[in-house]
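Participant: Right, I'll just put the structure down here and ask away after.
The values are calculated or read from the model by the stated rules, or taken from the named source; none is laboratory data. Predicted, not measured: the structure shown is a model, and the values here were computed from it. Every residue, glycine as well, gets a Cβ built from its backbone with ideal geometry; the counts of neighbours run over all protein chains shown.
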Amino acid sequence: MIALLSFLPGRRTSAAFAALVLLGLSLAFAASVGETSIPVQTVMSTIANHVWGAGYDVDPIDAGIVWNYRLSRAVVAASCGAALALSGAVLQALLRNALADPYLLGISAGASTGAVSVAILGVGAGMFGLSVGAFIGSVVAFAFVSLLALQAGRGTGAIILAGIAGAQLFNALTSFIVTKSASAEEARGIMFWLLGNLSGVRWPDATQAFPMAIIGLLVCLWHARALDAFTFGRDSAASLGVPVRRVYVILIGISALMTAVMVSIVGSIGFVGLVIPHAARFFVGNRHGLLLPLSALIGALFLVGADVISRVIVPGQVLPIGVITALVGAPAFALILCHGRILR
Amino acid sequence: MTLELRNISWSVGFKKIVRDVSLRVEQGEFLGIIGPNGSGKTSMMSVLAGIRPPSDGMALLGDQPMRKVGRRNLARRIGFVEQQADTSDRITVHEAVSLGRTPYLSLLSPWSAIDDDIVTSALESVGMGNMADRIWHTLSGGEKQRVHIARALAQQPDYLLLDEPTNHLDIHHQLGLLELVHALPVTVVAALHDLNHAALFCDRIAMMDGGKLTAIGTPSEILTQQNLRDVFGVEADIETQSDGRCHIRYRVRNQMGVQTKKGRVA
């Protein structure tokens, strides 16, 4: 029923509008909550000042916290959540596997190898930072996995197995470098980074993450019908007129790129890419025209919320966001899983 | 509009699965493809459906190589029902059949009321008009197969290609499905396991053996004692019925010596 109604343009526009409002509110909320609580009104005024120079009178310290720290961070969290959830939804559909997630393609393992190579081995001799190293690592790992999958015969099974092999290889490399060369302090830092960490995030990161998430969303939405056609497998999609190989290259490529960009900024945040698409499926079913935007929305809201919790749950300490996503997300998902059938 | 294979071969790695097959599908006919397991029926069907390019030779639709026709246009002309296509997704029957409209939809021509009508009439033509809201995994094997055929019909094809459509169905549903397909106003190419079904429904039969198309003709030309012995390795008597259709009565070698678990059959 929902699927039918969504084809009415009015309904669709208002749903998109509601989603944007919801997203905006969650960002404002995230910017107001923290160690020092800042009223939402101050947050709004600060945003107005920066976006169209409204010239409201705001305490400069509050304004600095809101704009430079919390808002940039919330934008990155939202982009990251949306991108990871999208990648997960796309890969689950393409590979016909409910356990597929953005890290299946070896990307997070490669990113961690790249990051430790820069941070511990000093690869690049200070020419570039951790995130550039992580990005290069993830691209190398993805290239490795793709080549392996092509050699192994291109089937969905081959892609999954190649991904596992690649992830294992690069995780082993990371462990090797960490145990061989890292001090205890460095090892702890890397561990923190691997679990996902938004603390160092500022506007330059947001200006990478946000456009990436938007481009990813548009590319995936463009292929929503093609993804639907994969319901009964690759051959069925081909017989429905879908250029299977091209769709594979484009969609796996964009998923990998989104994941690589996000991981290189915030580390590998687990759970979102695997579980959010399933949660979204419980609400709107399997039509990707609805599933993709809803996955992106839930992913964004979820990660913004998880980031807020990670900042406030232990006073004076910021927990890795990956811990929160699983800690909060797993019970939430369990609830949906149990009551989902009643909902539909 | 013609559908034709010209000297096509298809290989996996270095192994040739289909060798040098030429075949022309006539407008409006029911063409059966028979052959023992591993004779290349499925591979040949997928080349004919345009989802695998031949490694040699040419697959043509309307005198144009399929490569040039393009995937979307092919999907508007040829509906293909695979041997076994299942999904673990929670989709309704209506959603499954809607997939058949994929080759007609784009950003500029989104889903419309016409598509709804086509999906509804496709479901009705397979006798499942009242089951549109059922969830896929609650369907029986026969119902699933009929939904697949409805999905293919929603593509509004000129050609309906079926790869062993009656697998895993009981005899009632096997016959029901073939009768249904036979009555549809499309050209049908079906790979069939049961030779008596082929004899009952086909206008022509193509026989495959070892990747080659060894013979093509009317059922009574193809289903001969000689062919059954050489290609399928079975002994059989062919009877011609009053309606001109032939019927195969299989003979088990050394009938009196068949062993059961309990002992000798009386």
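Participant: Residue check: is B:Leu3 more than 11 Å from chain A (Cβ to nearest Cβ), closer than 18 Å to B:Thr187 by Cβ and surrounded by 15 or more Cβ atoms within 10 Å (Cβ to Cβ)? Walk me through how you get there before you give the answer.
Facilitator: On the way: more than 11 Å from chain A (Cβ to nearest Cβ): yes; closer than 18 Å to B:Thr187 by Cβ: yes; surrounded by 15 or more Cβ atoms within 10 Å (Cβ to Cβ): yes.
Yes, satisfied.
Participant: Exactly one of (1) within 14 Å of chain B (Cβ to nearest Cβ); (2) basic (Lys, Arg); (3) under 22 Å from the mean Cα position of the chain (by Cα) is unmet by A:Arg202. Its number?
Facilitator: The number of the failed condition is (1).
Participant: Can you report the number of residues in the stretch B:9-25 which are touching a residue at least 24 places away in the same chain (Cβ under 8 Å) and under 19 Å from the mean Cα position of the chain (by Cα)? Walk me through how you get there before you give the answer.
Facilitator: From the stretch B:9-25, those touching a residue at least 24 places away in the same chain (Cβ under 8 Å) are B:9-11, B:16-23, B:25; that's our starting set.
Of the ones still in play, those that are also under 19 Å from the mean Cα position of the chain (by Cα) are B:10, B:17-18, B:21-23, B:25.
Qualifying residue count for the region: 7.
Participant: Pick out, from the stretch B:27-141, the helices (runs of 4 or more DSSP H) lying fully within it that include 3 or more residues that are under 21 Å from A:Leu290 (Cβ atoms) and within 13 Å of chain A (Cβ to nearest Cβ). Step through it out loud before you land on a result.
Facilitator: Working: elements: B:41-48, B:66-69, B:71-77, B:93-98, B:113-125.
By residue number, B:93-98, B:113-125.
Participant: If only one of A:Gly81, A:Gly137, A:Gly110 is within 19 Å of the chain's Cα centre (by Cα), crowded, with 22+ Cβ neighbours inside 10 Å, free of Cβ contacts under 8 Å to residues at least 60 places away in the same chain and more than 30 Å from B:Asp86 (Cβ to Cβ), which one is it?
Facilitator: Working: A:Gly81 fails: free of Cβ contacts under 8 Å to residues at least 60 places away in the same chain; A:Gly110 fails: free of Cβ contacts under 8 Å to residues at least 60 places away in the same chain.
A:Gly137 is the lone residue from the list that is within 19 Å of the chain's Cα centre (by Cα), crowded, with 22+ Cβ neighbours inside 10 Å, free of Cβ contacts under 8 Å to residues at least 60 places away in the same chain and more than 30 Å from B:Asp86 (Cβ to Cβ).
Participant: A:Phe17 versus (1) modelled with pLDDT of 85 or more; (2) within 14 Å of chain B (Cβ to nearest Cβ): which is the lone unmet condition?
Facilitator: (2)
Participant: What pairs come up if the first residue lies in the stretch A:230-244 and is at the interface with chain B (Cβ under 7 Å from one of its Cβ atoms), the second is acidic (Asp, Glu) and outside any helix (DSSP H, G or I), and their beta carbons are under 6 Å apart, counting only those six or more places apart or on different chains?
Facilitator: These pairs meet every condition: A:Thr231/B:Asp89; A:Asp235/B:Glu82.
Participant: Test each condition in (1) within 14 Å of another protein chain (Cβ to nearest Cβ); (2) farther than 22 Å from B:Ala85 by Cβ; (3) modelled with pLDDT of 90 or more for B:Ile8 and report the one that comes out false.
Facilitator: (1)
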